[in-house]
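See below for the structure under consideration.
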């Protein structure tokens, strides 16, 4: 039992040494240039025109969040479909509850106007 924990400890030590060694190597081989022009971001050799910070509309985040929710639904739905026959009616009821909760969330978002693009 203790041997299994020792192997995990050795693995953690090796991983820590690897991460630290990588950071140390990057620090040692980095360019030591004081010129501010050399430290700027490279954009195909052209100067940036206008503001470089662009603020994204909150509606994009709403759509992205809804996409992630229904993508996770598909992630759970496909493995469930493979084993539903072996699990019986209990699995069918559980998935109906899961889909009902997601449908209620979609209906709420629709009712609140989250899907309206103005």
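Computed from the coordinates by the stated procedures, all read-outs in this text should not be read as laboratory data. The model shown is predicted, which means the values in this text are computed figures rather than measured ones. Virtual Cβ from ideal backbone geometry, glycine too; neighbours counted across all protein chains shown.
I'd like the residue in the stretch 94-111 that is in contact (Cβ under 8 Å) with a residue 24 or more places away in the chain and closer than 21 Å to residue 61 by Cβ and, out of all such residues, is surrounded by the fewest Cβ atoms within 10 Å (Cβ to Cβ).
105
Can you confirm whether residue 91 is surrounded by 10 or more Cβ atoms within 10 Å (Cβ to Cβ), touching a helix residue (DSSP H, G or I) at 6+ places or on another chain (Cβ under 6 Å) and not in a helix (DSSP H, G or I)?
no
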